[in-house]
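Report on the structure given below.
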Amino acid sequence: MKKYVCIGNETTEADWLPRWYKVPHEECILLTESQWSQNIKQHAGMETIILRPLPEGTDYVHYLKTLKTERLLNGNDVRKY
């Protein structure tokens, strides 16, 4: 089962996000922004954490911990869209 949806943008490929967030590549669905917007209904109900490129200098591992904590506290992924 996939745990993460990695969404690349025009400057960053989705393939890089598992490395930066330090999550297993095989637990990720890799999409571009256009693929995400076209298939948002398909992915909307999934129990996954959305990972996107962040501004330069951001601590990706700390940000992922924040996302996981918010998910536990709120019962879902508050940054779904």
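Coordinate-derived values only; no laboratory data. Worth saying up front: this structure is predicted, and the values here are computed from it rather than measured. Backbone-built Cβ (ideal geometry, glycine too); neighbour counts: all protein chains shown.
Sorting His25, His62 on the 10 Å Cβ count, fewest up front, what's the list? Could the numbers behind the result be given before it?
Working: His25 12, His62 9.
In increasing order of surrounding Cβ atoms, one gets His62, His25.
With a/c under 1.5 counting as rounded, go ahead and sort the range 4-74 into rounded, prolate or oblate using the C-alpha gyration tensor (a ≥ b ≥ c being the square roots of the eigenvalues; past the cut-off, prolate if a/b is larger than b/c, else oblate).
oblate
Sort Cys6, Cys28 so the one with the fewest other Cβ atoms within 10 Å of its own Cβ comes first.
By the 10 Å Cβ count, ascending, the order reads Cys28, Cys6.
What number comes out for the charge environment of Asn9, summing +1 per Lys or Arg and -1 per Asp or Glu over other residues with Cβ under 15 Å away?
Net charge in that neighbourhood comes out at -4.
Under a crude label model (7 Å from the Cα following the beta-carbon direction), how far is Leu54 from Lys68 in nanometres?
So the two model labels end up 1.3 nm from each other.
Just want the answer: with Cβ charges of +1 for Lys and Arg and -1 for Asp and Glu, which residue in Asn39, Asn74, Cys28 is farthest toward the dipole's positive end in the range 4-74?
Of the options given, the answer is Asn74.
Could you let me know the centre-to-centre spacing of the range 51-65 and the range 5-37, using Cα atoms, in angstrom?
12 Å
Report, by chain and number, residues whose modeled amide H sits under 5 Å from the one on Gly8, excluding near sequence neighbours (fewer than 5 apart, same chain).
For Gly8, the qualifying residues are Ala14, Leu31, Thr32, Glu33.
What's the exposure ranking of Arg19, Arg71, going from fewest to most Cβ atoms within 10 Å?
Working: Arg19 10, Arg71 16.
The fewest-first ordering by Cβ neighbours comes to Arg19, Arg71.
State, as an integer percentage, the relative contact order of the range 4-74 based on alpha-carbon contacts under 8 Å between residues 6 or more apart.
39 percent
Sum up the charges of everything whose Cβ sits under 11 Å from the Cβ of Ile29, counting Lys and Arg as +1 and Asp and Glu as -1, but leave Ile29 out.
Result for the neighbourhood of Ile29: 0.
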